[in-house]
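No lab work stands behind these numbers, since they all come straight from the coordinates. It should be emphasised that the depicted structure is a prediction, and the values quoted were computed from it without experimental measurement. With ideal geometry, Cβ positions are generated from the backbone for all residues, glycine too; neighbour counts draw on all protein chains shown.
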C-alpha cells in the first residue's frame, strides 16, 4: 500500500460552521433525497447500537484489511469534529476498531467512525456514546503492520468519500454530502421538510396519500380504482 499521507494535500471546499450545523439537524434520508437521491451508503453500513447520530467533515482513511495501524495514525492527525471514514475493502472478519480507539478518538474530539468492515467492543462505544457505523461486528484481532493512506478519496459503502465531504449518519444509515454542494443540499432539505410538514397536516385532517401525492392517478392509469372507505370502525 502507498505511503501514509497527511490530510490537507487535496483541494477541499470549506464547509461553513452554519452549513455544518444545519446539516446536523437533518435526517440522513432527507439529505439523500435533497441531494437528488445520491450519496447514501449501502444498507450494510449501519449503526452498531441504537440511538446514535453523527455529522462531521470526513477524514478518509484507507487501510489494509485486518490491519488497523493507519486508524491509530488517523486519530493523531484528525481535526476536532471530523468523522473518520475507513475503507478496509469490506473485510468483516476482524474488529478494526475497539474500545481503546474509541477512548483515544473521543479524547481528540473525533466525531465518529464510519467503516466498511468489522468493529468490536460495541457495548463500550454505546456506553461512551461514540458513534460507530460499520458493516459487521467481529471480536477477532487485527495486526499493526502495513502503512495505509490518510486524506485521500476512498470508497466506503459504495460511495466515494473525499476529504472535506460531509458525513451524516443516523438510524436509517449513512449519507455523504459533497462539499461543493453542501449549502444547496441543506437548502433543498429545509424546503423538503416544509413540504412534508404540510403533507402531515393534511394527513392528520383525513386526506389520503393517494390524493395528496398524486398516486391515485398513477393507479387509474393502470385501470385500478381505489374507493375511499370512511367507515373507520368497520
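Only Cα pairs within less than 10 Å get springs; with that Gaussian network setup on the chain, which residue of 71, 31, 210 has the largest fluctuation?
Fluctuation is largest for 210.
Can you pull the one-decimal nm distance between simple spin-label points at residue 215 and residue 187, each 7 Å off the Cα toward Cβ?
Each label point is offset 7 Å from its Cα along the Cβ direction, giving 3.1 nm.
Among DSSP beta bridges lying fully in the chain, give the percent that are antiparallel, nearest 5.
55
Running a GNM on the chain with Cα contacts under 10 Å, which residue among 81, 117, 151 ends up with the highest mean-square fluctuation?
It is 81.
So how tilted is helix 99-108 from the main axis of the chain? Cα-based, degrees 0 to 90, rounded to 10.
The two axes meet at around 90 degrees.
Show me the ranking of peptides 198-206, 95-103, 47-55 by mean Cβ neighbours inside 10 Å, starting with the highest. All intermediate terms of the calculation are to be shown ahead of the outcome.
Numbers: 198-206: 10.4, 95-103: 20.6, 47-55: 17.1.
Final packing ranking: 95-103, 47-55, 198-206.
What percent antiparallel are the DSSP beta bridges of the range 102-224, to the nearest 5?
60
If you work out Cα extents along the principal axes in Å from the coordinates, which of (1) 67, 38, 33; (2) 60, 35, 33; (3) 59, 47, 29 do you get?
(1)
Which residues does the label zone of residue 24 cover in the range 32-59, counting backbone N under 17 Å from a point 7 Å along Cα→Cβ?
Residues 52-59 fall inside that zone.
Using Cα springs under 10 Å in a Gaussian network model of the chain, which residue among 141, 94, 28 shows the largest mean-square fluctuation?
Top of the fluctuation ranking is 141.
At 222 nm, what value in deg cm²/dmol follows for the chain if DSSP H runs of at least 4 each add -39500 (n - 2.57) and the sum is divided by all its residues, to the nearest 500?
Mean residue ellipticity, 222 nm, calculated: -9000 deg cm²/dmol.
Using only Cα atoms, tell me the angle between helix 182-204 and the longest principal axis of the chain; keep it within 0 to 90° and round to the nearest 10.
Roughly 40 degrees between the two axes.
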